[in-house]
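J.: Handing you a structure now.
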Amino acid sequence: MKLQERGAPFGGLASHVLPPRVPLLTRGVSFLEKTFAIAEMEIRKLRHDPTELLTRAVQPALWLLIFGEVFTSIRAIPTGGMSYLDFMTPGILAQSVLFIAIFSGIAIIWERDLGIIHKFLASPTPRTALVLGKALAAGVRGLSQAVIIYLLALLLGVHLNWNPLALVGVLIFVLLGAACFSTFSLIIACLVKTRERFMGIGQVLTMPLFFASNAIYPIAIMPAWLQAIAHVNPLTYEVDGLRALMLGSTINITLLGLDFMVLLVVTTVLVCIGGWLYPHVVV
């Protein structure tokens, strides 16, 4: 009897045979495939309504053309030897990415009302793959803003670093920043569950996140309490990385690595939380 239990195929005890384990590499590839499938589905929506990207470009254009030009001429903010327009351009890129990403969570509420989320939850796709796929799609939207900001900066005479490696670094930071704040937006949508509340909270959060960072002025001139907030604000680290890559002729790899790691860790934590909360949006 013991022999039959150990050798289930001989004793016909198929229920004792454990299913074969899927190799870790295979599971990883499957996870990435599902993540990119979700991202591709979200990006496809842009082809049906590309005007969204253009309308989102109006606000950063106004910041650069009006706010940037005025404060460059009056020299009211110390920027360490560079023109104020140069200093603020990376911050405006981070701002435009933030504004696109922070309102992306409203799509989750629309998908719930249309019954799309129920189909996602009934599929074998991991919840974190659903969240990460949407975050990557937000990153692609952010990349379109980077192109617009670079074109505006070129027209305004901003002194940019055109090193190919620096440009790749800018793309990475834009993707990470958009993924971070779009996942944060998704978490808010899962918690509030109504469009009206989401829009209200989104509008309340965007400006404090923007002004409590080093996007348009250095941290050194902030009051102590605001400096403390700026140091825990992920947008500060995104701006730091973008400013080093877009403007710096020499780049401090240690500081750039710190900015990257902070954004990566925050995004990873938010994706895990978003994956856990995602099914709660239908409850």
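J.: May I ask you to compute the full-extension gain from VAL29 to VAL204, defined as 0.36 nm times their residue separation minus their alpha-carbon distance, rounded to one decimal in nm? Walk me through the intermediate numbers first.
T.: Numbers: separation 175, 0.36 × 175 = 63.00 nm, distance 3.89 nm.
Separation in residues times 0.36 nm, less the Cα-Cα distance, equals 59.1 nm.
J.: Hey, another quick one. Under a Cβ-only charge scheme (Lys and Arg +1, Asp and Glu -1), can you give me the dipole magnitude of the range 54-147 about the Cα centre, in debye to the nearest 20? Let's see the in-between values first.
T.: Details: 7 positive and 4 negative charges, 62 e Å.
Using Cβ point charges on Lys, Arg, Asp and Glu, the range 54-147 gives about 300 debye.
J.: Return the calculated 222 nm mean residue ellipticity for the chain, to the nearest 500 deg cm²/dmol, obtained by summing -39500 (n - 2.57) across DSSP H runs with n ≥ 4 and dividing by the residue count. Could you put the intermediate results ahead of the total?
T.: Working: 15 runs with 209 residues, N = 283.
The helix contribution divided over the chain gives -24000 deg cm²/dmol.
J.: Now for a separate question. Taking the dipole about the Cα centre of the chain, with the C-beta of Lys and Arg at +1 and of Asp and Glu at -1, give me whichever of SER30, GLY202, LEU263 is farthest to the positive side.
T.: SER30
J.: Moving to a separate point now. How many Å³ per residue does the convex hull of the Cα positions in the range 48-150 occupy?
T.: Each residue corresponds to 117 Å³ of Cα convex hull volume.
J.: Kindly identify the range 220-270 as rounded, prolate or oblate by the Cα gyration tensor criterion: order the square roots of the eigenvalues as a ≥ b ≥ c, call it rounded if a/c is under 1.5, otherwise compare a/b with b/c, prolate if a/b is larger, else oblate. Don't skip to the answer; put the middle values down first.
T.: Values: a/c = 2.42, a/b = 1.13, b/c = 2.15.
Oblate, since a/c reaches 1.5 and b/c is not below a/b.
J.: Listing VAL147, VAL266 from the residue with the fewest other Cβ atoms within 10 Å to the one with the most, what is the order?
T.: If I rank by nearby Cβ atoms, fewest first, I get VAL147, VAL266.
J.: Fewest to most neighbouring Cβ within 10 Å: what's the order for ARG197, ARG47, ARG127? Write out the running numbers ahead of the final one.
T.: Values: ARG197 14, ARG47 7, ARG127 17.
Exposure proxy ranking, most exposed first: ARG47, ARG197, ARG127.
J.: Between Rg and the Kirkwood Rh of the range 150-236, both from Cα atoms, what is the Rg to Rh ratio? Spell out each step's value before the answer.
T.: Working: Rg = 16.3 Å, Rh = 15.4 Å.
Result for the range 150-236 is an Rg/Rh of 1.05.
J.: Shifting gears a bit: How large is the dipole of the chain about the Cα centre if only Lys and Arg carry +1 and Asp and Glu carry -1, each at its Cβ, rounded to the nearest 20 debye? Each step should come with its number before you reach the end.
T.: Values: 19 positive and 14 negative charges, 179 e Å.
So the magnitude is around 860 debye.
J.: Under 16 Å between C-alpha atoms is the cut-off here; go through the chain and count lysine pairs that meet it, provided they're at least eight residues apart or on different chains. Working shown, then result.
T.: Values: LYS34/LYS119; LYS34/LYS134; LYS45/LYS134; LYS119/LYS134.
Value for the chain: 4.
J.: While we're on this one: What is the helix-to-structure angle for 195-211, meaning the angle in degrees between its Cα long axis and the longest Cα principal axis of the chain, kept from 0 to 90 and rounded to the nearest 10?
T.: It is inclined by approximately 50 degrees.
J.: What does the convex hull of the Cα atoms come to per residue for the range 138-283, in Å³?
T.: Numbers: hull volume 19.1 nm³, N = 146.
Convex hull volume per residue, Cα atoms: 131 Å³.
J.: Using the count of nearby Cβ atoms within 10 Å as a rough guide to exposure, how do LYS119, LYS134, LYS45, LYS193 rank from fewest to most? The partial results should precede the final answer.
T.: Details: LYS119 10, LYS134 28, LYS45 13, LYS193 16.
Exposure proxy ranking, most exposed first: LYS119, LYS45, LYS193, LYS134.
J.: Using θ = phi - 60° and the Karplus form 6.51 cos²θ - 1.76 cosθ + 1.60, what ³J(HN,Hα) does each residue of the range 37-45 get, whole Hz, x for Gly and Pro?
T.: 5, 5, 4, 5, 5, 5, 5, 4, 5
J.: Per the Kirkwood treatment, what hydrodynamic radius in Å, one decimal, follows for the chain from the mean inverse distance over all distinct Cα pairs?
T.: Working: mean 1/r = 0.0483 Å⁻¹.
It is 20.7 Å.
J.: So, one more: Please give the contour-minus-distance gain from LEU226 to ASN163: 0.36 nm per residue of separation, less the Cα-Cα distance, rounded to one decimal in nm. Don't skip to the answer; put the middle values down first.
T.: Working: separation 63, 0.36 × 63 = 22.68 nm, distance 3.39 nm.
Here the segment from LEU226 to ASN163 would lengthen by 19.3 nm.
J.: Shifting gears a bit: Report the gain in length on full extension from CYS272 to GLU40: 0.36 nm times residue separation, minus Cα-Cα distance, nm rounded to one decimal.
T.: 81.4 nm
J.: Just want the answer: with Cβ charges of +1 for Lys and Arg and -1 for Asp and Glu, which residue in LEU235, ILE92, PHE71 is farthest toward the dipole's positive end in the chain?
T.: Going by the Cα projections, it comes out as LEU235.
Since every read-out is calculated from the coordinates, none of them should be taken as a lab result. None of the values given here were measured: they were computed from a predicted structure. Don't worry about glycine lacking a Cβ; one is built from the backbone with ideal geometry, like all the others, and counts go over all protein chains shown.
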